[in-house]
Structures are given as C-alpha cells and as structure tokens.
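Working notes, beginning with the structure itself.
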Amino acid sequence: VIHNILSLTTSEYENVAYEPILDQLESDFPPQNILESMLLGRIVSSHIKLVRISKAESELMQTALDPTTEFGLCKLTTHQGYEPVMTSELVERLGLYSRYETATENRLYKAIQQLMNLLRVIDDPAY
C-alpha cells in the first residue's frame with residue numbers, strides 16, 4: 001500500500017520501472033514491517049527521481065554544447081543546435097521540487113533514526 005503512494009510521484013512511463021525494481025528489492029530484502037516497506041519504496045522512488053534529474057542535466061548539457069547560432073539583426077539561424085525537450089522553466093521547477101523532496105526526506109530519515117535509537121533503548125536499557 002505504501003509503495004503505491006510513492007509511485008504517484010513518478011510519471012506514467014517511469015511507473016513501468018517502479019514495480020519491477022520494488023519487487024526485486026522486496027525479494028532481495030523481504031520487509032519485516034511497515035517501516036521497512038516504506039524504506040524500500042523510498043529507495044525505488046529516489047532511484048527513479050535520480051534518473052529523471054540525470055536526464056534533465058543531460059538536456060541542459062546538450063543545449064549548452066550545441067546551441068543554436070544566429071547571425072545579424074534579423075537573427076538568421078546559421079546553425080540549428082540541439083532543441084531541448086525540457087524548457088529551462090521546467091528544469092528550474094524540477095530543482096525546486098528536488099530541494100523540497102530532499103528536505104522532506106531528511107526529516108523522514110531523522111525520524112527513523114530517532115525511532116531506531118528509541119527501540120535500542122527499549123531493547124537494552126543499558127544502551
């Protein structure tokens with residue numbers, strides 16, 4: 001159930017990869033509780049988002065390395081360079097969402113760490 005929530009953060013074509021990766025991770029590391037299931041889902045979601053960010057970076061680099069050149073006042077195109085699929089506005093928004101996700105994820109992992117520390121104290125009061 002939890003991984004379905006995280007799959008909503010990926011696009012339709014990215015979801016094709018989401019379930020098989022999650023299934024493989026669950027096979028390799030069978031979750032014993034909801035927290036472990038959440039972490040596996042987060043790993044898959046983060047992986048897919050890293051691929052997305054890499055694609056955006058590739059778009060940016062291709063645009064920078066092969067720009068369209070123009071000549072004269074009428075801006076006659078002398079070389080049609082790489083045409084990016086993602087606009088610079090979308091790349092900026094992607095950066096904003098990425099920072100928001102990072103901040104949220106950091107809070108999640110901090111809470112998990114605090115929970116794990118509490119569980120250690122409960123299991124071993126001398127800890």
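Of note:
- For residue 82, net neighbour charge (Lys/Arg +1, Asp/Glu -1) across residues whose Cβ lies under 13 Å away: -3
- Spin-label model, residue 108 to residue 83: label points 7 Å out along the Cα-to-beta-carbon direction sit 3.7 nm apart.
- Simple spin-label estimate for residue 36 and residue 62 in nanometres, 7 Å along Cα-Cβ: 4.1
Computed from the coordinates by the stated procedures, all read-outs in this text should not be read as laboratory data. Fair warning: this is a prediction, and the values are worked out from it, not measured in the lab. Here the Cβ is made from the backbone with ideal geometry for all residues, glycine too, and neighbour counts use every protein chain on show.
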